[in-house]
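Worksheet for the structure shown next.
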Amino acid sequence: MLSSALLLVRLVIGLTFAGHGAQKLFGWFGGYGLKGTGGFLDSIGIRPGVLMALIAGLLELAGGLMFAAGLFTPVAAAFIVITMLVAIVKVHGRNGYWVTSNGIEYNVALIAIAVAVAMAGAGTYSLDYQLFS
């Protein structure tokens with residue numbers, strides 16, 4: 001039962017996170033692509049914006065897909081945590097906790113989930129289990 005629960009969490013969080021990466025990289029799912037995201041990042045002092053958008057998008061896409069698959073789960077979790085910490089420091093931190101005020105609530109929840117799954121392990125329905133057990 002635990003492995004099924006971990007699979008559900010990994011799929012939902014991982015694929016959602018990968019979707020955010022695809023928004024940044026390709027403009028999919030209503031995203032702005034590298035140029036649009038890069039412009040936003042430039043406007044908040046993260047420069048060079050397009051390069052940073054590429055790095056963030058790659059971390060989100062790779063981290064999300066790896067997390068969903070349960071592949072190198074601690075590394076995938078670290079990718080999620082790194083991008084969420086940058087989002088907290090550069091965008092959401094000044095807005096308080098609640099997401100209704102564009103605060104850090106969502107970021108903190110994703111960090112907690114990523115760290116908890118990394119600590120617990122990806123479960124038997126994962127590539128980590130298949131490859132390393």
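For first residues located in the range 44-67 and within 16 Å of K90 (Cα to Cα) and without any contact (Cβ under 8 Å) to a residue 60 or more places away in the chain, partners that are crowded, with 20+ Cβ neighbours inside 10 Å and polar (S, T, N, Q) and lie 6+ apart or on another chain with Cβ distances below 7 Å form the pairs A53/T37; A56/T83.
Of the residues making up the range 105-130, those that are among the hydrophobic types (A, V, I, L, M, F, W, C), under 11 Å from R10 (Cβ atoms), open to solvent by less than 40 Å² (accessible area, probe 1.4 Å) and out of contact with any Lys or Arg (no Cβ under 8 Å at 6 or more places or on another chain) are A114, A118. Highlighted here are the helices (runs of 4 or more DSSP H) found entirely within the range 1-75 that include at least 2 residues which are among the small types (G, A, S) and crowded, with 20+ Cβ neighbours inside 10 Å: 2-26, 49-69. In the range 76-87, which residue that is open to solvent by 40 Å² or more (accessible area, probe 1.4 Å) and of a type in the set (V, I, T) is nearest to the chain's Cα centre (by Cα)? So the residue we want is I82. Residues in the range 88-104 that are open to solvent by 50 Å² or more (accessible area, probe 1.4 Å) and more than 20 Å from A56 (Cβ to Cβ): Y97, W98, T100, S101. Which residue is modelled with the lowest pLDDT, if the candidates are limited to the range 115-133 and must be small (G, A, S) and either over 14 Å from F67 (Cβ atoms) or part of a helix (DSSP H, G or I) (or both)? Once the filter is applied, the top-ranked residue is S133.
The values are calculated or read from the model by the stated rules, or taken from the named source; none is laboratory data. Everything numeric in this text was worked out from a predicted model, so none of it was measured. Counting neighbours? That spans all protein chains shown, and the Cβs are built from the backbone with ideal geometry, glycine included. Protein only, heavy atoms only, side chains kept; ligands, DNA and RNA dropped before computing areas. Shrake-Rupley method; radii C 1.70, N 1.55, O 1.52, S 1.80 Å.
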